[in-house]
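The structure under discussion appears below in the form of structure tokens.
Every number in this text was worked out from the coordinates using simple rules, so none of it is lab data. As the structure is a prediction and not an experimental result, all values here were calculated from the model. All Cβ positions, even for glycine, are placed from backbone atoms using ideal geometry, and neighbour counts span all protein chains on display.
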Amino acid sequence: MPHHLKRTRSSFVPDNNSPVLEISALTKVYGGKNAPTKALNGVSLTVQRGDLVAIMGPSGSGKSTLLNCIATIDTPTSGTIRIAGTDTARISRSGLADFRRTQLGFIFQDSNLLDTLTARENIALPLTIGHVPVDQILKSVESIAKSLGVADVLDKYPYQMSGGQRQRIACARALVTRPQLVLADEPTGSLDSKNAKLLLESLEAINRAQKATVLMVTHDETAASFCRRVLFIRDGKVFTELMRGSDTRREFFEKIMQIVAVQGGVNNAR
């Protein structure tokens, strides 16, 4: 076991001196030898601590496959993925669930909340599973809910909340453990423009305040414009990258639109 991977009874200890995410020469091939399909074709990228990064690309470009490999849901054919210094290929099968719970946060297009739990209980779930003391759970849940503007619905069940509120509760659940990396898969895909903006503004604020590291796959140019970097994938490769720098969000949005237009996949902007 490498020196940076110190296993405790219930968690992994990350190497805080390493980038949060390092991917090198990643490939993923589906199908047999007679009809192979290369979904990822030598992807290499680095995400630093506290970064907010979007991945964009047309359908079939490989972005969802990449996210699944980073999430340890899928296994790459070759190449390496390191999260906070840990080579994910060296984690035992029995350790993967623990690794995901303690080091990764997940935000999906649909909130995936448990209908039988209140918002408070949904947010607290990963902490409860991790045997965090109750008083600490209560403080953490209240704090993240306040940051996301959903403290007033903590005692409601999912069916009693709006779609935007449910998605922000899901976001709170992903962030409450202070994971090394938050993976967001089309987080605004099921929201109207108003609720999408609320979610993105909240996520951007938490990224700045807590240095939360977020990697977001999106088709939405508006969502991508809230990020600091946008990586564009085509044919299983990262073919270009945009840095926001000192641009306003509107200026960054226009640059994103220009590249998407070249790809031939302009979406309706919000």
(message) Please compute one quarter of the surface area of the Cα convex hull for the range 6-263 and express it in square nanometres.
(response) 14.6 nm²
(request) Calculate one ³J(HN,Hα) per residue across the range 153-160 by plugging θ = phi - 60° into the Karplus curve 6.51 cos²θ - 1.76 cosθ + 1.60, and present them in order as whole Hz with x for glycine and proline. (result) 10, 4, 9, 9, 8, x, 5, 8
(request) Please list the non-local residues whose amide H lies under 5 Å from the amide H of residue 79, H modeled 1.01 Å from N, same-chain partners needing a gap of 5 or more. (result) 27
(message) Quick one: the Cα spread of the range 118-258 along its three principal axes, in angstroms, biggest first?
(response) 48, 30, 28
(message) Order 105-114, 71-80, 125-134, 182-191 from most to least packed using the mean count of other Cβ atoms within 10 Å.
(response) 182-191, 105-114, 71-80, 125-134
(message) Can you tally the net charge around residue 130? Count Lys and Arg as +1, Asp and Glu as -1, for every other residue whose Cβ sits under 10 Å from the Cβ of residue 130.
(response) 0
(request) Using only C-alpha positions, report the orientation-averaged shadow area of the convex hull of the range 18-170, nm², one decimal. (result) 11.3 nm²
(request) Any of 194/255; 146/255; 146/211; 139/194; 28/255 with alpha carbons more than 27 Å apart? Name them for me. (result) 146/255; 139/194; 28/255
(request) Considering Cα pairs under 8 angstrom that are at least six residues apart, work out the relative contact order of the chain and quote it in whole percent. (result) 25 percent
